[in-house]
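J.: Below: one structure in structure tokens.
The values are calculated or read from the model by the stated rules, or taken from the named source; none is laboratory data. What you see is a predicted model, and the numbers here were worked out from it, not measured in a lab. Cβ atoms come from the backbone with ideal geometry, glycine included; neighbour counts cover every protein chain shown.
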């Protein structure tokens, strides 16, 4: 699901339920888990109608270093949930809905995060496949939306575990449509295939491999918690920053594109500290200022991605993607 479903009627609730179930099965989750996901989707979308009148819903597979999870994101611009603690009690439900209540939404989800205020509510719920692992205490998530006139997304992202930690990649195929989607996925797959190469080495090799293709731009992050180190590589206009101790620090990008014979990827190393949050996003999303980014720091990687992706004031008419990594050491 690469576009948000507008929720404004009971028919939309049924569509959200069906879409969530289909996405779960396609991602490889069990039929039993898919039914749990459908129940949560029904409750979230029904609550949108009950309390806000209209809103948006997104169901999307989210790769993990090992395994995959299914994300449900629901948002509205209603009055917010005033009595959230009371609503968390089972059997307290959003009116004419699935009847399970917010407490059961949180229990059925492997992780559920909610942000609510007088200007609206957003939920981000995650459901893991049986083989999900999150090595080194790294919380990783990403979301994407296709160009408004396309059914596929030219942006792609992915992650893989390796001996020292986790690699996170975000790529943007040049243009949009089928050929851009193919280029974006090729770049991500190639960057994940050899995590033993440094980000710069992989981007240099990738530039040669894609010399005759449409090409695109990409950024890589190698997060190595045991060594408390991050190695970052970039070629092209993928934006990035990290949040640490109440400050936003931007990652440098290098002009050029993957596939150009003149491509000169850049690489830099930096320390990794507990609580660090790293964000990569494509140019479909306008620059994220510190006052917006720093409001996200108390939340899960999935919620951070949702808060940034679903802010329509920051959208350009393009494919949009956000990938987030947060280090939360065990204990």
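J.: Would it be correct to say that residue 256 is touching a strand residue (DSSP E or B) at 6+ places or on another chain (Cβ under 9 Å) and touching a residue at least 40 places away in the same chain (Cβ under 8 Å)?
T.: no
J.: Scan segment 72-87 and tell me whether some residue there is surrounded by 22 or more Cβ atoms within 10 Å (Cβ to Cβ), modelled with pLDDT under 95 and either in the same structural domain as residue 308 (by TED's automatic domain parsing) or not in a strand (DSSP E or B) (or both).
T.: No; the residues of segment 72-87 include none that is surrounded by 22 or more Cβ atoms within 10 Å (Cβ to Cβ), modelled with pLDDT under 95 and either in the same structural domain as residue 308 (by TED's automatic domain parsing) or not in a strand (DSSP E or B) (or both).
J.: Oh, and also: Give the residues of segment 216-240 that are more than 17 Å from residue 138 (Cα to Cα) and surrounded by fewer than 21 Cβ atoms within 10 Å (Cβ to Cβ), sorted by residue number.
T.: Once the filter is applied, which keeps residues that are more than 17 Å from residue 138 (Cα to Cα) and surrounded by fewer than 21 Cβ atoms within 10 Å (Cβ to Cβ), segment 216-240 yields 237, 239, 240.
J.: Just the residues that are modelled with pLDDT of 95 or more, surrounded by fewer than 23 Cβ atoms within 10 Å (Cβ to Cβ), within 24 Å of residue 310 (Cβ to Cβ) and more than 14 Å from the chain's Cα centre (by Cα), please, taken from segment 152-180.
T.: 152
J.: Let me ask something additional. Picking from 325, 306, which residue would you name as being out of contact with any helix residue (DSSP H, G or I) (no Cβ under 7 Å at 6 or more places or on another chain) and closer than 18 Å to residue 170 by Cβ?
T.: Going through 325, 306 in turn, the sole match is 306.
J.: Still on this structure: Take residue 246 and tell me if it is without any contact (Cβ under 8 Å) to a residue 40 or more places away in the chain and over 18 Å from residue 192 (Cα atoms).
T.: For residue 246, the condition - without any contact (Cβ under 8 Å) to a residue 40 or more places away in the chain and over 18 Å from residue 192 (Cα atoms) - is not met.
J.: How many residues does segment 20-38 contain that are surrounded by fewer than 21 Cβ atoms within 10 Å (Cβ to Cβ) and closer than 21 Å to residue 321 by Cα?
T.: 1
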